[in-house]
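What follows is calculated from the coordinates using simple rules that are stated; it is not laboratory data. Since the structure is predicted, the reported quantities are computational estimates derived from the model, not experimental observations. With ideal geometry, Cβ positions are generated from the backbone for all residues, glycine too; neighbour counts draw on all protein chains shown.
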Ligand code: I3S
């Protein structure tokens, strides 16, 4: 847990809009529910925020659009390109967290999803050495 590795993980930060759906919870398959989500990587944790459209009441309140919904601790997680049978969409990543949680993450623009793939991969690797 050297100051150097901490420094590295803290440098791995990113935020943007992605499409995501949970596919597994506690190792059990759940029904997909694709939604656009403001996604933030910070300090080795990936946070998906509530879909602004489903963030209920007080639509005029902009803070409703940035309510955290799920966090995935990337320590011990795995990231990879999803196989074709996982989704008909293109550019789909599969993120497996601990405790049997699994998400698909997708974006039509390949460069954008590739950047996410790299930063998630680097973060997971860095965390292995802490
Ligand atoms: O893996 P599936 O069941 O083909 O996933 C599709 C469904 O979740 C579908 O919703 P319904 O559960 O209402 O049928 C979604 O609209 C599709 O987007 C899902 O498939 P893709 O291939 O888009 O991940």
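Just to confirm my numbers, what's the Cα centroid distance between the stretch 19-43 and the stretch 83-130 in Å? That distance is 11 Å. Put in line by how crowded their Cβ is, counting other Cβ atoms within 10 Å and starting with the fewest, 13, 94 read 13, 94. Look at 115, 108 and count the other Cβ atoms within 10 Å of each Cβ; fewest to most, that gives 108, 115. The calculated pair-distance distribution of the stretch 69-130 uses every alpha carbon pair, bins of 5 angstrom beginning at 0, and gives 4, 19, 26, 25, 18, 7, 1, 0 percent.
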